[in-house]
Amino acid sequence: MSMKILVTGGAGYIGSHTCLQLLRAGHDVVVVDNLVNAQEEAMRRVQTLAGREFAFYPFDVCDDNMLDKVFSEHSFDGVIHFAGLKAVGESVSIPLRYYSNNLVSTMTLCRVMDRHNVKRLIFSSSATVYQPGSPMPVNEEAALGCTNPYGWTKFMGEQILRDIAAADPEWSIVLLRYFNPIGADASGMIGEDPSGIPNNLMPYITQTALGRLAQLSVFGDDYDTPDGTGVRDYIHVVDLAQGHMDALNYAARNTGSVAINLGTGVGYSVLDIVHAFEKVNGVKVPYQIAPRRPGDVAAVYADPRRAKELLGWQAEKGLEDMCRDSWRWQSMNPKGYAAE
Ligand code: NAD
Ligand code: UFG
């Protein structure tokens, strides 16, 4: 059955891929994004790829009046809430901006949803809500706790949403805890476009392979992992997008709130990623071993069983797809969405 979905933060990396997947599956989307970390060009490309137009509203989700108007103009079957600030380091220097943006947007959205009797919500949470030192693979029952303001905004966002679902049995809320999304749509037309020097591994690798950055610093080679470098659960953004569609279907059949990991269950080290990237794409990624990055842990990877059980979802794409698709996007768009 075709649904009409409000996607907040739909112009961003994961949001744009999810919009495209929803459109390709025959659903309708409406996007609200204030473009604080995205380009409108991403929305144009999604429309081109899907062969279909949709409404795009460039404003802040914290704006109750504007959001209310959007809910008056459209009748939604559900909401996917991607909008949020996500840079861990930045959240340590400007915590108030992170708490206000990420929590006020979530609370405003829920208030407006409630007013319009739309009570189906998929929330972008993160593996970062798990207490550091949790045994791996980590499942959804593990203890929660964070080390930076960004993480706490996800922790608190989850708690607010659990309380809303507990107070009103008509709500259906899925808290998706993403592991490390990389990759891009196979067209190479949309992808991750960080502003400035990337913090995350894959965009750093692709920009190094381009020659825009001189070399990758591998943060630590003395961790208790097979090759000493950090291990993470990298997941293809297209698999992640599919997880949101499956979560919407789940939310249509169930009420209450539930947290679900979206990861592959497989951990790869930094050097595994570098070597796979070089091999699959036939390019060099110069690197040096550097000191550990403060706040990093040795290994984080998911127990993905609940997603399979409840959503019927599991990751389909492997490391080679992720490396190939990330490089296709970057090499076709050396400056991201910015015009040459
Ligand atoms: P992104 O920055 O590319 O997308 C977020 C989008 O939200 C951006 O387009 C930004 O302009 C928009 N936005 C931010 N605040 C807004 C506001 N107040 N009103 C309207 N729009 C606003 O990030 P992403 O990687 O696509 O992540 C999407 C969501 O998933 C975020 O909530 C992020 O915290 C979460 N998440 C991401 C990762 C990751 O590694 N990429 C991991 C776990 C969780
Ligand atoms: N790394 C490097 N060099 C770099 C960048 C990263 O060696 O230049 C290493 C890191 O030390 C880590 C791995 O590559 O071992 C992955 O690092 P990322 O920065 O790409 O990702 P993180 O696992 O640190 O964090 C990501 C998101 C967070 C989210 C978390 C959830 O950035 O927002 O996943 O698990 F909370």
Listed with the fewest Cβ neighbours within 10 Å leading, ILE235, ILE14 appear as ILE14, ILE235
Magnitude of the Cβ-charge dipole (Lys and Arg +1, Asp and Glu -1) of the stretch 232-329 about the Cα centre, nearest 20 debye, reported as 160
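In what order do SER100, SER269 fall by count of nearby beta-carbon atoms within 10 Å, going from fewest to most?
With the sparsest Cβ surroundings first, the list reads SER100, SER269.
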With +1 at each Lys and Arg Cβ and -1 at each Asp and Glu Cβ, the charge dipole magnitude of the stretch 124-182 around its Cα centre, to the nearest 20 debye, comes out at 260
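Would you mind classifying the stretch 246-294 by shape? Square roots of the alpha carbon gyration tensor eigenvalues, ordered a ≥ b ≥ c; an a/c under 1.5 is rounded, otherwise it is prolate if a/b is larger than b/c and oblate if not.
Since a/c reaches 1.5 and a/b is larger than b/c, the shape of the stretch 246-294 is classed as prolate.
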The local net charge around SER16, scoring Lys/Arg +1 and Asp/Glu -1 for residues other than SER16 whose Cβ lies under 13 Å from its Cβ, equals -3
Percent relative contact order for the stretch 1-139, counting Cα pairs under 8 Å at least six residues apart, stands at 26
Computed over the stretch 178-252, the relative contact order (Cα-Cα under 8 Å, seq sep at least six) in percent reads 38
LYS308 and ALA290 label points (each 7 Å along its Cα→Cβ direction) are spaced in nm at 3.7
The set of residues whose placed amide H lies less than 5 Å from the amide H of SER126, leaving out same-chain residues fewer than 5 positions away, is TYR178
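Mind checking the dipole of the chain: about its Cα centre, +1 per Lys or Arg Cβ, -1 per Asp or Glu Cβ, Debye to the nearest 20?
About 220 debye.
Arrange ASP168, ASP233 by Cβ neighbour counts within 10 Å, fewest through most, would you?
Starting with the residue having the fewest Cβ neighbours, the order is ASP168, ASP233.
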So the angle from the long Cα axis of helix 13-24 to the longest Cα principal axis of the chain, reported in degrees to the nearest 10, equals 60
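Under the rule a/c < 1.5 gives rounded, and otherwise a/b versus b/c splits prolate from oblate, where does the stretch 1-81 land using the Cα gyration tensor?
Since a/c reaches 1.5 but b/c is at least a/b, the shape of the stretch 1-81 is classed as oblate.
Would you calculate, for the chain, the mean residue ellipticity at 222 nm contributed by helices, counting each DSSP H stretch of 4 or more residues as -39,500 (n - 2.57) and dividing by all residues, to the nearest 500?
Numbers: 11 runs with 127 residues, N = 340.
Per the formula, -11500 deg cm²/dmol.
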With the charge dipole of the chain built from beta-carbon charges (+1 for Lys and Arg, -1 for Asp and Glu) about the Cα centre, the Cα from ASN65, GLY188, VAL270 projecting farthest to the positive end belongs to GLY188
In terms of the charge dipole of the stretch 280-340, which places +1 on Lys and Arg and -1 on Asp and Glu at the beta carbon, the residue among GLN314, PRO291, ALA338 farthest towards the positive end is PRO291
Under the rule rounded for a/c under 1.5, else prolate if a/b exceeds b/c, else oblate, using alpha carbon gyration tensor axes a ≥ b ≥ c, the stretch 84-147 is classed as oblate
The answer for LEU144, listing residues at least 5 apart or on another chain whose modeled amide H is closer than 5 Å to its amide H, is GLN131
In whole angstrom, the spacing between the Cα centers of the stretch 1-67 and the stretch 237-263 equals 18
Within the stretch 86-108, the residues whose backbone N lies under 12 Å from a label point placed 7 Å from the Cα of ILE160 along the Cα-to-Cβ direction are 98-108
Computed ³J(HN,Hα) along the stretch 91-103: with the Karplus parameters 6.51/-1.76/1.60, θ = phi - 60°, integer Hz and x for glycine or proline, the list is 5, 6, 7, 10, x, 4, 4, 5, 4, 5, 4, 6, 8
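Every number here is computed from the coordinates shown, using simple stated rules; none is lab data. Just so you know, these numbers come straight off a predicted model, no measurement behind them. Note: ideal-geometry Cβ built from the backbone for every residue, glycine included; neighbour counts use all protein chains shown.
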